[in-house]
1. At 7 Å along the Cα-to-beta-carbon direction for both GLN21 and LYS166, put a label point, then send me their distance in nm to one decimal.
2. If you roll a 1.4 Å probe over the heavy atoms of the protein chains, what accessible area per residue do you get for region 123-196, in Å²?
3. Sorting SER82, SER36 by accessible area (1.4 Å probe), largest first, what list results?
4. Projecting each Cα onto the charge dipole of region 66-109 (Lys/Arg +1, Asp/Glu -1 at the beta carbon, about the Cα centre), which of TYR97, LEU81, GLN67 comes out farthest on the positive side?
5. Roughly how much of PHE199 is accessible, in Å² to the nearest 10, using a 1.4 Å probe?
6. Per 0.36 nm of contour for each residue apart, how much would the distance between LEU252 and GLN284 grow if the chain were fully extended, relative to their Cα-Cα spacing?
7. Can you give me the orientation-averaged projected area of the convex hull built on the Cα atoms of region 21-105, in nm²?
8. When you count, for each residue, the other Cβ atoms within 10 Å and take the mean per peptide, how do 264-270, 73-79 rank with the highest first?
Amino acid sequence: MQTSSSYQSYLNSMKDYKVSQGRKDYQAPFADKFESIYEKAKKEDIGLSNAKDFLQNLSASELQTLQKFSGLADKVNTDTLSAEGAYNLLLHDNEHYDFNNDGVAEVGIGKKMLPIPINMPTDVRDAYISAMNALDDKDRLMAGMLSLDPVHLKAVVNNEPYTPTKMDYNYLKSSVENILNPPPGAYTSEETKISIQKFWNAFDSNYKGDKSKPDTQTEERSSEVAKFLNDLRTKGAAKFLADLNQEKIDKLVKEFEEKLIKEMGDSPQALQEIAKLVEDYKKQLLEEMHERTKEEKIAKGEKSPILSGNSLVQEMIEMQQKPINKPLNSLLLNK
């Protein structure tokens, strides 16, 4: 099994995290068979490097147990799994980990946001777990939005590298304040405010670390993230993504136009020809973006990165704006 110091520190904290009753009830019918596979993997010292090999030697019935226990919709196909996805499939919920530090934990072919992020300092993580354990399932669900890293969401939407946010005390405090006192144009439901306030009361009383103000760099980063989230809230997911795509196209078109002027000059005749070439180029970009999104959407029934980001954006917005009106058991399967 994996033994890195960071992972062991995470496991040491997560042993105290209480999985929701809904999740426990869901897994109960498959728990005994899963434990047999788990103990077998532990005995054979299975880790990231050999998890796929281990899975390939399991029976169809054992793979189905892993599928059901993890809550995956499709059968386990070992050929399609990453090392992380294969290994997490053999672990309990509280042992799942983002081993490649890309912002999500792969479990089989599924990807999930960890209920307790790996980018929390140990003292913050322990206080966060204590606070979450003190809440009922509904309040835990609402407070769970605080562990979503907006920088990861921003990286997914913008298709750019992800540098994890350090979720320290001041980060959580700022996030809570933005929800309790939303900036102009944003909105938080009273139900959400109540849940977040309950979380903060519990967290702040449990946290014994440094509560001093953040440095300038942290404040600037928080401001950038706050602007990003405010754009999401005020525009809505669909409008935000449409504007983002338009910005990308406008930037490419501008660069193309400047390149043509440099090569062809700026005489009236040249500008007329350039205008036509630029218009054709813009149409081509729009068509390519449309086709790429369409292809990604239907390929193997999977969502495209943009659509996946859109889903997460919408979930974040709706969690802050609407009362919970779905059965908690179904919502809490991965918490």
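The values are calculated or read from the model by the stated rules, or taken from the named source; none is laboratory data. What you see is a predicted model, and the numbers here were worked out from it, not measured in a lab. A quick note on method: Cβ atoms are made from the backbone with ideal geometry, for glycine too, and the neighbour counts reach across all protein chains shown. Note: areas computed on protein heavy atoms with side chains; ligands, DNA, RNA excluded. Shrake-Rupley method; radii C 1.70, N 1.55, O 1.52, S 1.80 Å.
1. The modelled label-to-label distance comes out at 4.0 nm.
2. 38
3. My answer, sorted largest first, is SER36, SER82.
4. GLN67
5. The accessible area of PHE199 comes to roughly 0 Å².
6. 10.4 nm
7. Here the figure is 5.7 nm², rounded to one decimal.
8. Averaged packing, sorted descending, gives the order 73-79, 264-270.
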